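Working notes, beginning with the structure itself.
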Amino acid sequence: MTNARTESTILSNGVKMPWLGLGVWKVKDDGEAERTVTSAIEAGYRSIDTAAAYNNEEGVGAGIRNSGITRDEIFVTTKIWNSAQGYESSLAAFEESRKKLGLDVVDLLLIHWPVKEKYKETWRALEKLYRDGYVRAIGVSNFQIHHLRDVIASGEFVPMVNQVEFHPLLTQTELLSFTKSNKIQLEAWSPLMQGNLDHSILAEIGAKYGKSPAQVVLRWDLQNGVITIPKSTNPVRIKENADIFDFSLTAEEISQISALNRDQRFGSDPDNFNF
Ligand code: NDP
């Protein structure tokens, strides 16, 4: 049976990564992260997306350990924050993340944002961690095509993943096609438009399949070949967001959803951020 547990993509280096993960931005480290991760794993999630900047890596690690699943059944992503970028400082930041998570090896390590003058040195550190076996895959986040070209030209490895803001109001068609042709897996952050799901076409399409607007959007991600990491701390919505593997949108429905695009960001512009 297809479900969140079994459905994975294969990254360019052969590593399997689940199509669905749980996002944990803004989930607190006071017990909430641990509870949320445990309930996601119970609901079938096998991938968790955290970051040093989310200040909840300890809770995420505890949630994974308490869930009773074995280490190789779960895919854990973390990210190097902007203030830690550079070669030596990224190595040190990774070591801190690894300790907080309580893991020997992290599945995917990303550069959180393309900090000018820094991201190429940061990428060198990620390449070293990958070569040394501390991370199973390396990638970037919030990289535009020109950032990707820059890293591809100077680095030893092509990033395996690019995690970017991606949803029906921001369909990123050029970036998606560039990443596909370079075997870089695109991953959607804020896939649920941070909860702004009130678009009648999503409800209309959902009604046909007995699915919610959130489920329709997450299914649209999968059928676009994009990994998706919705965030919820609510056990009912956590379950709902994983129940997307038993229906398919038609090509026309996919186009109708994509037609919502307005190049609208809820987050910062990767070419113009100040943090
Ligand atoms: P999402 O687009 O996932 O939306 C989360 C919001 O939607 C929450 O308010 C949640 O509320 C609500 N929600 C969740 N499920 C449903 C549902 N089924 N129906 C209605 N509302 C729902 O936002 P995020 O910004 O959190 O993005 C997801 C993840 O992406 C982050 O958690 C993080 O891991 C990653 N991210 C990465 C960034 C980067 O720079 N690399 C930047 C931003 C995010 P509730 O919790 O109450 O259910």
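Computed from the coordinates by the stated procedures, all read-outs in this text should not be read as laboratory data. Note that the structure is a prediction, hence the values are computed from the model and not measured. Here the Cβ is made from the backbone with ideal geometry for all residues, glycine too, and neighbour counts use every protein chain on show.
Some points to look at:
- Local electrostatic count, Lys26, Cβ distance below 10 Å [Lys/Arg +1, Asp/Glu -1]: +1
- Among Ser177, Ser39, Ser89, the order by Cβ neighbours within 10 angstrom, fewest to most, reads Ser177, Ser89, Ser39.
- Here the stretch 1-149 is assigned +1 on the Cβ of each Lys and Arg and -1 on the Cβ of each Asp and Glu. Its dipole about the Cα centre then comes out at about 420 debye.
- The stretch 125-224: radius of gyration over Cα atoms, expressed as a fraction of 2.2 N^0.38 Å: 1.30
- In the structure shown, the pairs Lys118/Lys231; Lys28/Lys116; Lys16/Lys211; Lys120/Lys183 are assessed against 22 Å; a Cα-Cα span above that value is assigned to Lys118/Lys231; Lys28/Lys116; Lys16/Lys211.
- A Gaussian network model of the chain, with springs between Cα atoms under 10 Å, assigns the largest mean-square fluctuation among Gly210, Gly61, Gly225 to Gly210.
- Listing Tyr209, Tyr45 from fewest to most neighbouring C-beta atoms within 10 Å gives Tyr209, Tyr45.
- Computed magnitude of the charge dipole of the stretch 8-258 (debye, nearest 20; Cβ of K, R +1, Cβ of D, E -1): 260
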